[in-house]
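Below is one structure, written out as structure tokens, with a few remarks after it.
The values are calculated or read from the model by the stated rules, or taken from the named source; none is laboratory data. Everything numeric here is computed off the predicted structure, so don't read it as measured data. For neighbour counting, all protein chains shown are included, and Cβ atoms are generated from backbone atoms with ideal geometry for every residue, glycine included. Note: accessible area is taken over every heavy atom of the protein model, side chains too, but ligands, DNA and RNA are not part of it. Shrake-Rupley method; radii C 1.70, N 1.55, O 1.52, S 1.80 Å.
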Amino acid sequence: MGSSNTGAKEEAASDGDDSNGDPSASDPGNFSEGEKVLAFHGPRIYEAKILKVEFRKKEWRYYVHYLGWSKNWDEWVVVDRLMKFTDDNIRKQQDLEKKLSADKSFKSGRSAQIKPKGSTDAKVDKEDLRNYVARGKKRKSDSGVEEKDTESMERLVKIQIPSTLKKQLVDDWEFVTQLGKLVKLPRSPCVDDILKKYLDYKSKKDGMVADSIGEILKGLRCYFDKALPVMLLYKKERQQYHEAVADNVSPSTLYGAEHLLRLFVKLPELLVYANIEEETLMRLQQKLLEFLKFMQKNQSTFFLSTYDCSKGFEGSSGEQD
């Protein structure tokens, strides 16, 4: 299931109750508890059932369960995300699905004709990375099952990056590629520090940390260290990388939030090659969104407001070519 088309999922438990004194709060809204509806989630429309109805922040909100999907995907949505379960709306759902499938087929055809960029070494590195994340995956190309599974994965792996972090990515691109500035290394907090801070945050918030959170954070660190030299660096940053990262040094101890955020742009295409069950992948997607919210909440602390004009490695001198 794709990410929400309204951005991050609503966290109604933290919202204040604004129903006092508002006459519209007495109106049950357009939909009722127990009603079967059609709900937007990402670019697609799914069948859903309304489990709860509440009036919060001066609008009606509906807690929905997507039929046929794990309850981990249950969420609060606003009325704009819902449609009545009617024949006309079912046809709209089917038409939209056909359009999305056609668009995907067109893009796949175009991408197959585009010659990959980069040097031969870069191509080999990328293939190594794909093999790394696809360990143990069975080949079933003769029966067509492999291709179908991959297509399903591409549809499912959608990581919705919050708008303020998207702007951060744009600023990051401009600093490096347009202004020739680099992130000064080592960064503080580094990626390892940020992952540990999130673990501490979840522990305090939830009283305990599920084993799955720890595994996800270990996975993020592993992906980051493997992906950084292959697909997370701009050309102007490569000299800095070779100067800063020795054989026994993990990039996650030197680089910070700026490069970690770039990983989330690349994660969807990496996870396509991972042997992850569909339901597990959906839960992972939600956990990654929660981590991005944490980065957004601490944006002013984790991210640099400006980059360095030098080579960007402590102890180095001279200008970046």
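Considering the stretch 22-61, and only residues there that are modelled with pLDDT under 90 and among the acidic types (Asp, Glu), the residue that is least open to solvent (accessible area, probe 1.4 Å) turns out to be 22.
Of all the residues in the stretch 184-225, those that are in contact with a strand residue (DSSP E or B) (Cβ under 9 Å, 6 or more places away or on another chain) and of a type in the set (A, V, I, L, M) number 1.
Pairs are defined by a Cβ separation below 8 Å, a sequence spacing of at least 6 or placement on different chains, a first member in the stretch 270-296 that is within 18 Å of residue 224 (Cβ to Cβ), and a second member that is of a type in the set (D, E, K, R) and buried (at least 19 other Cβ atoms within 10 Å of the Cβ); the pairs so defined are 289/9.
Based on what the data block shows, is residue 10 crowded, with 17+ Cβ neighbours inside 10 Å, at negative phi, at pLDDT below 85 and acidic (Asp, Glu)? It is true that residue 10 is crowded, with 17+ Cβ neighbours inside 10 Å, at negative phi, at pLDDT below 85 and acidic (Asp, Glu). Pairs linking a residue in the stretch 69-84 that is under 15 Å from residue 31 (Cβ atoms) to a residue that is among the β-branched types (Val, Ile, Thr), with Cβ atoms under 7 Å and 6 or more positions apart or on different chains, are 75/64; 77/64; 81/6; 82/37; 83/37; 84/37.
To keep it simple, each residue is scored yes or no on (1) open to solvent by less than 10 Å² (accessible area, probe 1.4 Å); (2) in contact with a Lys or Arg (Cβ under 7 Å, 6 or more places away or on another chain); (3) closer than 19 Å to residue 188 by Cα.
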| site | (1), (2), (3) |
| --- | --- |
| 231 | no, yes, no |
| 247 | no, no, no |
| 262 | no, no, yes |
| 267 | yes, no, no |
| 275 | no, yes, no |
| 278 | no, no, no |
| 288 | yes, no, no |
